[in-house]
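The values are calculated or read from the model by the stated rules, or taken from the named source; none is laboratory data. The model shown is predicted, which means the values in this text are computed figures rather than measured ones. Counting neighbours? That spans all protein chains shown, and the Cβs are built from the backbone with ideal geometry, glycine included. To get the accessible areas, we keep the full protein, side chains included, count just its heavy atoms, and leave off ligands, DNA and RNA. Shrake-Rupley method; radii C 1.70, N 1.55, O 1.52, S 1.80 Å.
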Amino acid sequence: MTRRIAGALRLIVGLGLAVTIGIQIGDRVVNDAFDPWEYFSYFTIQTSLFNIVVLVVGGVLALRLARDPQLYTTVRMAALTYAIVTAAVYNVLLRFVPPTGYPGLDWPNEVVHVWVPIILVLDWLLTPGRPALPWRSLWIVPIYPVAWAIYSFARAAASGGRIYPYPFLNPATDGWISVIAYIVGLTLFLVGLGALAVLYSRRVGGSRRVTA
């Protein structure tokens, strides 16, 4: 896969994801089921918007440069971990949970929870021009998920404990011990995925070796 092909594919997927989100929002608006505060509070939606930026910027970089900048690759690594966790949580914990409100279209969920994560993994594994990342880049991975969790609990408190984005974060489901276990487990999972991505960048195809 050449850089130009990779760049074109990143742009196509990024723009396609943007269209998918737009269609999902439009479907909810038409059916009088669009609550912006609720919709944009989901981890999946926020990371999907993040993925759009990462893919479009990455596409432009791949078309213009022989090698991706280290800063972009660090952000891309974090986005990769969020996408994998999004896919894992949805397909393991949430896929068969009945929706509490308007169910919406099925195929956008498959795009954001299945196909985009797969594409991001393949992009990381196959696209040339990725620099080797230093181990210190792992610090960026938990920053956004922790901030999102704090925001989600603050939003739940503001609603009187009625609004939680996902059942496993609601202490009414299985208690606070379960909630804490999920948060710790998912955070460790994210950092572990980041470590694997960094290791791969250092061992396979890294265009610049680093020692820290």
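Can you give me the number of residues within the stretch 92-127 that are open to solvent by 80 Å² or more (accessible area, probe 1.4 Å), in contact (Cβ under 8 Å) with a residue 12 or more places away in the chain and acidic (Asp, Glu)? Going through the stretch 92-127 one residue at a time, the tally reaches 0.
Which of the following residues is of a type in the set (D, E, K, R), crowded, with 18+ Cβ neighbours inside 10 Å and touching a residue at least 24 places away in the same chain (Cβ under 8 Å): Arg130, Arg136? Exactly one residue qualifies, and that residue is Arg130. Between Val85, Val89, the distinction of being open to solvent by less than 30 Å² (accessible area, probe 1.4 Å), closer than 28 Å to Val146 by Cβ and in contact with a Leu (Cβ under 7 Å, 6 or more places away or on another chain) belongs to Val85 only. Provide a single number: the residues in the stretch 177-199 that are over 30 Å from Arg130 (Cβ atoms) and either outside any helix (DSSP H, G or I) or aromatic (Phe, Trp, Tyr) (or both). Summing the residues that are over 30 Å from Arg130 (Cβ atoms) and either outside any helix (DSSP H, G or I) or aromatic (Phe, Trp, Tyr) (or both) in the stretch 177-199 gives 1.
When Arg67 is tested against the conditions (1) closer than 21 Å to Thr187 by Cα; (2) over 14 Å from the mean Cα position of the chain (by Cα); (3) not in a helix (DSSP H, G or I), the lone failure is (1). Taken over the stretch 47-64, residues that are open to solvent by 50 Å² or more (accessible area, probe 1.4 Å) and within 28 Å of Phe189 (Cα to Cα) amount to 4. If the condition is being touching a helix residue (DSSP H, G or I) at 6+ places or on another chain (Cβ under 9 Å), in a helix (DSSP H, G or I) and over 15 Å from Phe43 (Cα atoms), then the stretch 134-176 contributes Trp135, Ser137, Leu138, Ile140, Pro171, Thr173, Asp174.
Residues in the stretch 11-36 that are more than 20 Å from Trp124 (Cα to Cα), in a helix (DSSP H, G or I) and free of Cβ contacts under 8 Å to residues at least 60 places away in the same chain were compared, and the one that is most open to solvent (accessible area, probe 1.4 Å) is Val30.
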